[in-house]
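A quick write-up on the structure given underneath.
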Amino acid sequence: MERSAIRGQLHRCPLMHPMTDQTIWRATVLTLFPEMFPGPLGVSLAGRALSSGLWALEARDIRDSATDKHRSVDDTPAGGGPGMVLRADILAAAIDAAGITPDRPRLLMSPRGRPLTQSLVVELASGPGPLIVCGRFEGVDQRVIEARGLKEVSIGDYVLSGGEIAAMALIDACVRLLPGVMGKQASGVDESFSEGLLEYPQYTRPQEFEGRQIPEILTSGDHAKVAAWRKAQSEALTRSRRPDLWAARRGTKNTTDG
Ligand code: ADE
């Protein structure tokens, strides 16, 4: 059997989560550099979860959908200009060949996309898992974005040389929220952005480091005081470093505090 046929068969066979007994969360990545995957997603928290079958990753080569003998996937931009554009027909064929179910979001990593926020991560992690197209060159033919309903997502206001690293960031942020992935660690509730606040500072032994002490309150054993201190620190940090987050939080909170 041809390799791509084996991959196709595996893909259509739904894998079950060992703890929840539901279909596992899956990321299907369309890229010109499938060898970049799993990359960092194959180590540490995400990598252990991948090996234990808590999620699945499929990296598919867009070039497998090329039709000419040079396996070309791009062409010069209509109207002129620098660089090359990913062809609509080739990318559409690659998306169709992935054979994903209609419930799965179809994303295109792009600096002009909707910003990736923790709330979008939570939304994506709670679904079946996305198909992610990694753009390269100067861009992707607009017609395939429209025809295949691709939602553009950006990981920040800077330009990477391709969508692969952005896709990895998105996948990593989702995977750590999946059931069973963080194990005994806090379930992601008490961390930056979960309440629209930056995380408070952390300390551990030794008690004194280069003349700096751990704030006394943290070693007092008074849990209520510790919680209040941490909240105040989070709020002060958010206010000074991220006035945008602070304003958004004040806009959504029905209180007079802060
Ligand atoms: N591809 C290139 N730059 C990107 C960005 N900032 N976010 C998502 N995808 C990208």
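See the values below:
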{"item": "When residues of segment 161-184 are limited to those that are among the small types (Gly, Ala, Ser) and under 25 Å from ALA49 (Cα atoms), the one surrounded by the fewest Cβ atoms within 10 Å (Cβ to Cβ)", "result": "GLY183"}
{"item": "Neighbours by Cβ (under 7 Å, 6+ apart or cross-chain): first from segment 81-101, in the same structural domain as PRO130 (by TED's automatic domain parsing) and assigned to a helix (DSSP H, G or I); second buried (at least 21 other Cβ atoms within 10 Å of the Cβ) and not hydrophobic (A, V, I, L, M, F, W, C)", "result": "ILE90/SER65; ALA93/SER65; ALA94/ARG60; ALA94/SER65; ALA97/SER65; ALA98/THR28; ALA98/ARG60"}
{"item": "Criterion violated by MET109 - all others in (1) assigned to a helix (DSSP H, G or I); (2) under 19 Å from GLU152 (Cα atoms) satisfied", "result": "(1)"}
{"item": "Any hit, segment 146-160, residues being in the same structural domain as GLY80 (by TED's automatic domain parsing), of a type in the set (Ser, Thr, Tyr) and surrounded by 13 or more Cβ atoms within 10 Å (Cβ to Cβ)", "result": "yes"}
{"item": "Residue tally, condition crowded, with 16+ Cβ neighbours inside 10 Å and either assigned to a loop (DSSP other than H, G, I, E, B) or not β-branched (Val, Ile, Thr) (or both), over segment 132-145", "result": "6"}
{"item": "Residue under evaluation GLY162, criteria (1) touching a Gly at 6+ places or on another chain (Cβ under 8 Å); (2) part of a strand (DSSP E or B); (3) within 8 Å of the ligand (Cβ to nearest atom), criterion not met", "result": "(2)"}
{"item": "Cross-chain or 6+ apart pairs with Cβ under 9 Å, segment 142-160 first and within 18 Å of PRO77 (Cβ to Cβ) and of a type in the set (S, T, N, Q), then modelled with pLDDT of 95 or more and away from the ligand (no atom under 12 Å from the Cβ)", "result": "GLN142/ALA88"}
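The values are calculated or read from the model by the stated rules, or taken from the named source; none is laboratory data. Everything numeric in this text was worked out from a predicted model, so none of it was measured. Note that we place each Cβ from the backbone using ideal geometry, even for glycine, and neighbour counts take in every protein chain shown.
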